[in-house]
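What follows is a set of notes on a single structure, which appears directly below.
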Amino acid sequence: MTDSTAPTFVGNLTPRKRFWATNRGTLIGCAILIVVAIIIPFTASASMMNVAVFAMIFALPAIGLSLLMGLAGQVSLGQAAFFGIGAYTHAILLTKYDVPGPIAATIGVLAAMLVALLVGLPLMRLRGHYLALATLGLGFIVMITAREWDFTGRTTGIYGIARPEVFGIPITNNGLFFWFVTPFVVLGIILALNLTHSRAGRALSAVNDSEVAAESLGVSTYALRLKVLVLSAGFAGLGGVFYAYQVAIVSPQIAGFQVSVEFLLMVVIGGLGSVWGALAGAFLIEFLGEGMSELIPALIPGATGEVQLLGYGIVLVLVILLLPGGLVQATTALWRWVKSKVPGKAAVGMTEVDDAAVVALPRISAPLAPGEPILQVSGLTMRYGGVVALDAVNLTVPAGTILGLIGPNGAGKTTCFNIISGTLAPTSGTVTFLGRTISGRKPHVAASHGLTRTFQNLQIFSSTDVVGNVYMGRYRQGRAGILRGMLGLQAHEQRSNRGVAHDILQSMNLTDVAHEEAGSLPFGRQRMMEVCRALAAEPALLLLDEPMAGLSGAERDVLAELLRRLRDAGLTILLVEHDVAQVMSLADHVAVLDDGVLIAHGEPEVVRNDPAVIAAYLGTDVDEVETELTDLEGHV
């Protein structure tokens with residue numbers, strides 16, 4: 001149930017109103033695009049009509065590249081390679097094998113996607129700009145192969161490609177061809193927008209904000225990025241099919257580096273990660289190029305070739321400098337300015353955390369009976385060169401309990417957490433969770449079995465609001481993939497998970513800020529939001545890394561009460577916290593690390609009075625502590 005001051009929750013609307021609320025922007029945008037596309041052939045000159053056709057064709061690979069860069073966070077300098085593969089495959093099948101147009105087009109798109117899959121399988125395991133460099137090389141390979149291979153016509157290329165017919169109507173002019181391409185672009189926009197709002201799209205946005213946090217919630221970043229690369233290549237291949245029809249010849253230059261740069265500019269100038277921006281960028285770049293070819297000779301008589309390209313480049317540099325966020329940034333800024341001039345309701349500020357008892361209990365997973373070992377750490381060792389961060393640590397966590405892990409600064413607590421969750425691979429030793437060995441595997445593997453964590457240094461998803469962050473915690477409970485997301489076949493799943501996210505925010509008294517930007521919250525409430533996100537995953541084992549840090553007294557009380565109730569309901573919690581008093585009051589058992597060595601493990605009262613623990617915190621020798629304790633007992 002949402003706060004009365006928050007925006008209307010779509011789950012409370014009728015199906016028709018819910019559909020409109022969810023898809024309003026897409027429907028309005030596509031309707032405007034269709035109307036404009038109908039009008040353009042009646043109003044544009046022949047030269048402008050030609051530019052408009054190419055802009056519409058290039059919009060397809062630009063949309064695909066926008067998904068790859070904006071969602072998957074991967075830069076490709078070889079989009080022209082996939083564009084060329086689609087065009088060449090389509091042209092060869094049409095001219096040499098008389099394959100029907102729709103079948104040839106389908107095979108051309110699939111060929112581009114297959115190459116992307118083969119390229120992406122090894123490269124998506126790497127980080128940084130490896131994909132950009134590899135796809136740059138792929139573009140050169142495609143271009144050189146086409147230029148040197150007899151089958152592709154060498155420098156002459158493949159020519160004699162006849163224009164298609166649609167329902168018996170030959171597409172003989174640019175106006176008809178523009179109408180022929182437009183439905184595919186509209187469909188591509190709808191599919192791409194559906195993807196950005198889907199489970200997979202939200203996961204990829206989360207990966208761009210914090211990859212380690214997304215993986216800790218069960219997101220396999222490698223698989224998702226690979227799928228988006230293949231999808232992006234499919235958009236480029238489809239664009240190549242239309243290009244082959246339009247120019248009636250496919251030559252090696254189609255896969256050149258300059259074409260890839262042009263696609264990249266369309267995405268950047270339109271607005272990185274924006275589907276509508278990619279479309280606008282395609283039209284801007286094409287019309288800008290045409291405008292420069294007419295403007296430069298008018299300003300500099302006789303100027304051609306490189307001089308025109310120079311003017312083109314100067315204008316692009318100015319656009320990027322003045323609008324680093326692209327056309328989307330300019331449009332958004334203008335819209336905000338307009339809204340600021342329109343009288344409306346005053347913004348509602350965030351309220352203080354209520355001291356009342358926790359009002360709801362998030363759902364959890366309790367796969368084992370209380371007391372059975374749910375997590376076992378055996379001989380866990382972590383070395384960084386000559387430094388031993390963990391030294392043969394053995395630890396067993398009983399199900400349905402709270403285990404506090406404490407120790408002085410630099411004791412190895414966070415390192416132990418990172419190994420258990422899969423963020424780090426140990427030098428030696430094993431971590432077993434629910435009978436499965438998870439050490440040395442990725443965080444999403446542990447998360448898939450029910451292990452979730454929070455972080456010492458906050459890892460929030462700044463690209464979404466508070467409820468969107470908690471909603472991401474439901475990723476493991478969802479089933480919709482990229483295909484279902486593109487087709488919009490996950491409305492019920494999204495509605496259900498978003499409702500759970502609101503309920504969990506209520507359990508921590510955060511419903512008043514559910515629709516605020518996550519990064520705008522005070523530090524303490526961001527910390528509580530991160531705990532809510534972890535609880536949304538319905539974990540069997542929850543790892544909390546200093547969850548009390550930065551919280552007010554009231555917030556600490558709310559969190560402590562929630563953790564006790566979760567423990568009583570069967571959730572197992574492994575808690576790292578510097579506030580020793582808080583740990584002692586919460587934990588059923590306490591383990592103490594000092595210089596990577598487990599020096600104590602037992603009930604809180606026993607550990608509290610352990611001479612080795614006192615020595616570790618006071619920085620004195622164990623023998624001295626034991627002597628002081630003996631003297632104190634004698635005094636008493």
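The values are calculated or read from the model by the stated rules, or taken from the named source; none is laboratory data. Please read these numbers as outputs of a predicted model, since none were measured by experiment. Counting neighbours? That spans all protein chains shown, and the Cβs are built from the backbone with ideal geometry, glycine included.
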Quick check: is even one residue across the stretch 148-168 surrounded by 14 or more Cβ atoms within 10 Å (Cβ to Cβ) and on the phi > 0 side of the Ramachandran plot?
yes
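Please tell me if Ile32 is more than 23 Å from Ile254 (Cα to Cα), assigned by TED's automatic domain parsing to the domain that holds Glu211 and at pLDDT 95 or above.
no
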Against the definition (farther than 26 Å from Gly270 by Cβ, in contact with a Gly (Cβ under 7 Å, 6 or more places away or on another chain) and either crowded, with 23+ Cβ neighbours inside 10 Å or β-branched (Val, Ile, Thr) (or both)), how does Thr95 come out, yes or no?
yes
Output the residues belonging to the stretch 125-145 that are surrounded by 15 or more Cβ atoms within 10 Å (Cβ to Cβ) and among the small types (Gly, Ala, Ser).
Ala132, Ala134, Gly139
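If we scan the stretch 85-96, do we find a residue that is within 24 Å of Ala223 (Cα to Cα), assigned to a helix (DSSP H, G or I) and at pLDDT 95 or above? Explain how you work it out, then say what you get.
Step one: of the stretch 85-96, the residues within 24 Å of Ala223 (Cα to Cα) are 85-86.
Of the ones still in play, those that are also assigned to a helix (DSSP H, G or I) are 85-86.
When the remaining residues are screened for being at pLDDT 95 or above, the result is 85-86.
Checking the stretch 85-96: at least one residue is within 24 Å of Ala223 (Cα to Cα), assigned to a helix (DSSP H, G or I) and at pLDDT 95 or above.
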Within the stretch 569-584, does at least one residue satisfy the condition of being under 32 Å from the mean Cα position of the chain (by Cα), farther than 18 Å from Gly473 by Cβ and either in a helix (DSSP H, G or I) or of a type in the set (Phe, Trp, Tyr) (or both)?
no
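Residue by residue, here is whether (1) in contact (Cβ under 8 Å) with a residue 24 or more places away in the chain; (2) in contact with a Ser or Thr (Cβ under 8 Å, 6 or more places away or on another chain); (3) buried (at least 20 other Cβ atoms within 10 Å of the Cβ); (4) within 30 Å of Val431 (Cβ to Cβ) holds:
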| residue | (1), (2), (3), (4) |
| --- | --- |
| Val445 | no, no, no, yes |
| Gly450 | yes, yes, yes, yes |
| Leu458 | yes, no, no, yes |
| Ser463 | yes, yes, no, no |
| Met472 | yes, yes, yes, yes |
| Tyr475 | yes, no, yes, yes |
| Asn497 | yes, no, yes, yes |
| Leu505 | yes, yes, yes, no |
| Asp512 | yes, yes, yes, no |
Only residues that are touching a residue at least 40 places away in the same chain (Cβ under 8 Å) and among the basic types (Lys, Arg): list them for the stretch 97-138, please.
Arg125
Unique match (being crowded, with 17+ Cβ neighbours inside 10 Å, modelled with pLDDT under 95 and assigned to a helix (DSSP H, G or I)) among Met48, Met113, Met69
Met69
Members of the stretch 483-539 that are under 23 Å from Gln456 (Cα atoms), at pLDDT 85 or above and among the hydroxyl-bearing types (Ser, Thr, Tyr)
Ser520
Provide a single number: the residues in the stretch 475-492 that are under 21 Å from Asn23 (Cβ atoms) and either part of a loop (DSSP other than H, G, I, E, B) or among the acidic types (Asp, Glu) (or both).
6
Checking Leu121 against (1) at pLDDT 95 or above; (2) within 17 Å of Ser232 (Cβ to Cβ); (3) not β-branched (Val, Ile, Thr), the condition it does not meet:
(1)
